[in-house]
Ligand SMILES: [Ca+2]
């Protein structure tokens, strides 16, 4: 009797990535607007997804939508100074491990 043992390929990676945010904000008083620069960084190779919930006046470097979108690079979002913006994000690593969604209030 021949017994064939096959290795099941696994990456061995069962740990979700950890994403951190950096936010730099400034008020523009005469416009009544706040502009925030947002940088998201994962601690391993991963694709980061994010969404912005709030009243977007303008956004540069990302789509003007409340839907989830892939994070490509840093972006600038402008919103009323009288309001806040909710940033949600998570990353998925190359092994498919998904980070629990994090929330950050802007500014
Ligand atoms: Ca991982």
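Bear in mind these aren't lab numbers, they're just calculated from the coordinates by the rules spelled out. Every value quoted in this text rests on a predicted model; they were computed, and no experiment measured them. Cβ coordinates were reconstructed from backbone atoms using ideal geometry, including for glycine residues, and neighbour counts include every protein chain displayed.
So if we plug the beta-carbon distance of residue 28 and residue 68 into 1/(1 + (r/R0)^6) with R0 = 22 Å, what FRET efficiency do we get, rounded to 0.05? For residue 28 and residue 68, the calculated efficiency is 0.20.
If the elastic network links every pair of Cα atoms under 10 Å, which of 17, 80, 29 fluctuates the most in the Gaussian network model of the chain? Between 17, 80, 29, it is 29 that shows the largest mean-square fluctuation. Each principal axis of the Cα atoms in the stretch 19-106 has its own extent, and those three values, largest first, are 48, 21, 19 angstrom. Here the simple spin-label model places points 7 Å from the Cα toward Cβ, and for residue 3 and residue 105 these points are separated by 6.1 nm.
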